[in-house]
Structures are given as structure tokens and as C-alpha cells.
Amino acid sequence: MRHLFGARSALPIAALAALGILLSGCTPGSSNPTGETTVSAASSKCVDNSLDAGSTDPSGVLTIGREGNTSFSRNFNPFSPNALYPTAFAMYEPLFVQNRGSGELDPRLATEWATSDDGLTVTFTLRDGVTWSDGQPFTADDVVFSMELAKANLGSFDYATAITATSPTSVQITLEEPNSQAVYLLGAQLIVPQHIWKDVPNPLEFTNENPVATGPFTEIAQFDTQVYEVDRNPDYWDEGKPYIQGVRVPAFPSNDSVQLALANGEIDWADVFVPDIANTYVSRAPETNCYWFPPIWGTAQLYLNTTKAPFDDPNVRKAISMAINREQIIDVAMNGYASLPDSTGIGPRYASWKADDSTDFGDWTQLDLEAAKKMLDEAGLKAGSDGMRTLPDGSAFAPTIIVGSASTDWVASSQVITENLKAVGIDASVQAQDWSAVIDEAQRGDFDMAHMWSSEGATPYNFYRGAMSTETVEPVGEVANENFARFGSDEADALLEEFASTSDKAAQKEVVAQLEQLFAVDAPSVPLFYGPEFGEFNTSRFVGFPDEDNPYADPNLRSPTAAIVLTTIQPRK
């Protein structure tokens, strides 16, 4: 499947944007704040992907491939969980975005940003001369309005005590306490026009069928339930761009249907799991079919609902983890594209943050069936004569794993897990369903096990906040946008507060080491594998896609940097 900004897009994307690009460090207009090193990736080179072969005369409609839609309902509301592509980032823009591979920041509607020395004030300087697609000027009042709208409707920015336009191109946010991470959450907010949205009675239910936005693609040229097209904004602030006329989005229900369309040459850009891609895709047209899978995605997790027994017992969670054969998952389900996790939960993306001795923090992500059986026995989950276990009340221990049916790789992964768990006497089963249903059940806490993703950012702060902070724990029945396991730790709260109170990376790294250890002790969720970002490209019609040699943006089309790709690529001459 395409993960972080794919399945996650079923969350309100205005909230998703904030979750997705939490960064560290803070200097005005800073770049590469994380100090992350570029990591190797699976990839193939297209013979001619150079912009030298492209034209800057706008033409051509780019066809994209993404799974998860049997039909479309017209909705371009960035505050809605059902918003269509490219509502986030290429229609409604944030103040800046981050390239997750390089750590570079790219200014969008803001040109500079800074936090005061005392950490209590964040200031954004906005891009001058930007207009909305209806011709009205973009101003600081739009930014203030959008942040207040997110605060009132999504619970965002509760640490902001005042959001003020200090001039038409400057916004100042006052924080209740020093917070080095706030600037990055605020900078990720998607901005909507106040003159349109001030009259919307319910911003979360508004379908926004005729969007007015600042991004490079704003004009709905065609729309029906099976395909739609969004054309370029003729007055986009980055003069002359985009170089393509529009983006065409057909409905594809699953990975399989996208893979077939890719193989048939019907798609220009996709970001889905493709098994044996060298043979199934590249070999069909080696000069124009290429891919780039950098390991910059986060951690695939098995969430165990800690509000339910026996998942409230950390030893049961660890025992389940030790029964899972991750090498089998990576080989069979993920086609070797993923890598093995450790008990800290954070992977290659955060290599520079990891403690030197982090592999010693715990061994419960390693396969050990005998140890798993012993821990389950000690937890009172006894095996019967048939080898299958029961709960202390005598009922069968038969949990269900929920997973999105559109993501065939994750369905296969879940099936491997259920077979693994049977080997230790747990009669688990898989319930593959629409991602919208999976997310709804996970958000409300109505599940046993859920195969999903983790919270991610440019530092490990967001990962651990989304896994262990009491601030992210919602009561069962109420919507949680992260921390689906509903695990909270006062010790984690204190460490996260200490991390956010400083911008000094050395001090932050010491805190991260303690968070790694805490995660290894508590096992709030079960890491399954560290994943890559998927990006497949067909350069027969368009050139200039990112690749390993020119990683100017993330390869997946749902990333915050997708607008950069869409304003860089050119129609082939």
C-alpha cells in the first residue's frame, strides 16, 4: 500500500498535515533541520528523465494511480476526512513543507519563520503577491482564520494563547509555554480563504465542491464518479508553473487495479506496492518505466487495544510480538522492500537520533516462540488440549486484526501474523475492510488489533507522542487521530515536555534515548517493519520526476512535497 499520506488521508487532512511534518531545530527559513543522512533506496533509472527533454509550455494531463476508491464524491474540503486528491498541498497549501528524505524545508505560503529566544512566540513572514484563485488577495488574516478554524474544530494548537496578524504579511503566535516543536505544527496548517469559509456553518461537513485556493491546481475541469480532472491555476504565485495542464484521477479500488494500469502504460505517476517490480513493471518498458523506493516512510504497527484485557498487560503485548515472524512478513508480504524493526520503534529515518546501544533496550521484536508461550502462560492465558488458549474467564482468546482491503500487501502481512499467532495458541483472524471502516474503528477504540501506521515527523518526537503521550489518549468511543492503542504514560509526558522545551539537538537526543528505553519497556504498540515510500514513474509523456540522484522531493504523490513535483515535471517535447 501507499502509507503515511495515503491511508492516513482518511483522517482530516488538515490534521494529517500537522502530524506529518513535525520538525526540529528552528532558524528563520532554515533547511535540513534534522541533520538526517540520506539513506539508500531500491530504485531503477529511467533512461531520460531529464528536464532537458521537457517543455515549459503548459500542456498534457498527468494521470495518477492511487488505490482505495471504487467511486468519487465531489469533496475538496481540507478539513474533511473524505477530501479528494490533490486537496492537500497542491490545492490548499501550508506555510512550508519538508522533504522527508533530505530533511530540507521548502517555503510555500511563508518565506520565513522563527521562534523567539524565550520560545514563547512564533512569527511567520508570508509570501507577498499571492492571490486566491478567485482573484482576492491572500493575507495574514487568512492564516489567522485557518489556524483558529483548526483550533476550534480539530483541537489543533491548544498551546497557542493568541494568533495575531501583525501586518498583511506577518502572523505572530503566542505560546503558553516554550515549545520548540510548535513552529512546525503551525507551519503545516493548510490555509483556506477567510472570505469564503467565514460563512460556512459547519466546516467539517462542508464539501467545498468549487474550491477557491492558492495552490497550483484549483480548476475542476471534469468530475464524475469514476474519474475527475483538476487543471492548473492560471494565476499561481510561482509564475509560469505548473508546466502541465492538469491532473487526472481515475478510481482504483485496490493495489491490484493500479498495478494493472501501470503495467498497461495508463498511469504517469503512482505510489503503490508493486510486487517484483523489476519484472512486472520495469521490464515492460525499461527506458520509461522506473521507480524509487527510499526508506523514509515510518513504522508499520500492530496496535493492540490497551483498553481491553489481555492487551492491557505489557507482557502479553511482548509475547504477541515475539510470536511474529517479521522476516516472513518482509519476504512474503512486502516483497523485501521493508526492513526489520527493533524494540525502540524508530527506524532508518531517524538514524542520527538513535542511541548507540538501542539494540540492547529489548528483544521482544525478535521471533522466540518458546519465550512467547511462557509469557502467555504466566499471564494466565492457558493453552487447552487442542493447543489453543483461553482467557481467564474460559472464553477463547480469538482476537481479530483489522486492515484495509485495498492494501493487498498489508492484508498479506496480517495473514502471516494470524498464522504465526496460531503457533503459540492464539486463534487470531483477519478482517479486511474499507480503510474508512478500519480508521473509524481504530479512532473510536472499537477493535482488538489493527494493522496501521505510526505518527511520524522529522524528529522522533511525534512518533513517541503518538505512541505514549497521555495527551493523545482519547476515551473509547471518542475520536483519536493517533495513539490508536490508547496507551498513556506520565513518564513519557515529562520526557516529551523536556524535548519540546529545547532546540538543542544534543539535549533532545538524550531525551530520545530515554523515550526509546521507555518504549522498549512498555511496548505500547508492536512494530512490524520499517517501510519505504513508493514511487513509480512513466516518463514517456512527462519528465523531471524525483529519483535517487535528484531527490528534490518525496516520490509518493500524497506527500506534502507532491506540489513541488507537480510544479517541476514537464511534458516531454
GluC sites (Glu not before Pro) lying in DSSP loop within segment 423-492, provided at most 13 other Cβ fall within 10 Å: Glu478
Taking placed amide H atoms and a strict 5 Å upper bound, the residues 5 or more places from Ala42 or on another chain that come that close are Phe293
With the 8 Å Cα cutoff and a minimum separation of six or more residues, segment 461-573 has a relative contact order in percent of 19 percent
Quick one: if you stick a label point 7 Å off each Cα along the C-beta vector at Glu205 and Ser71, how many nm between them? 2.2 nm
What is the sum of charges, Lys and Arg at +1 and Asp and Glu at -1, for the other residues whose Cβ falls under 11 Å from the Cβ of Arg74? -2
Sorted from largest to smallest, which semi-axis lengths in Å does the alpha carbon gyration tensor of segment 67-114 give for its equivalent ellipsoid, taking the root of 5 times each eigenvalue? 27, 14, 7
Relative compactness, segment 203-325, computed as alpha-carbon Rg over 2.2 N^0.38 Å: 1.57
Centroid-to-centroid separation of segment 539-573 and segment 41-90 [C-alpha atoms, Å]: 9 Å
Taking the convex hull of the Cα atoms, report for the chain its projected area averaged over all directions, in nm². 24.1 nm²
Name the shape class, rounded, prolate or oblate, that the alpha-carbon gyration tensor gives for segment 115-217, where a ≥ b ≥ c are the square roots of its eigenvalues, rounded holds for a/c under 1.5, and otherwise prolate holds if a/b is larger than b/c and oblate otherwise. oblate
Would you mind pulling out the separation of the Cα centroids of segment 308-327 and segment 234-306, in Å? 34 Å
What number of lysine-lysine pairs in the chain show an alpha-carbon separation below 19 angstrom, given a sequence spacing of 8 or more or placement on distinct chains? 15
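How high is the relative contact order of segment 403-484? Use alpha-carbon pairs under 8 Å, at least six apart in sequence, and give a whole percent.
Working: 92 pairs, mean separation 21.6, N = 82.
The normalised contact order for segment 403-484 reaches 26 percent.
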Mind listing the phi-derived Karplus ³J(HN,Hα) values for segment 200-208, rounded to whole Hz, using 6.51, -1.76 and 1.60 with θ = phi - 60°, and x for any glycine or proline? 7, x, 10, x, 7, 9, 4, 8, 6
Quick one: if you stick a label point 7 Å off each Cα along the C-beta vector at Asp504 and Thr56, how many nm between them? 4.7 nm
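For the chain, calculate the relative contact order in percent as a whole number, restricting contacts to Cα pairs under 8 Å that are 6 or more residues apart.
Contact order relative to length: 23 percent.
Bear in mind these aren't lab numbers, they're just calculated from the coordinates by the rules spelled out. Everything numeric here is computed off the predicted structure, so don't read it as measured data. Positions of Cβ are generated from backbone atoms using ideal geometry, with glycine treated the same way; all protein chains shown enter the neighbour counts.
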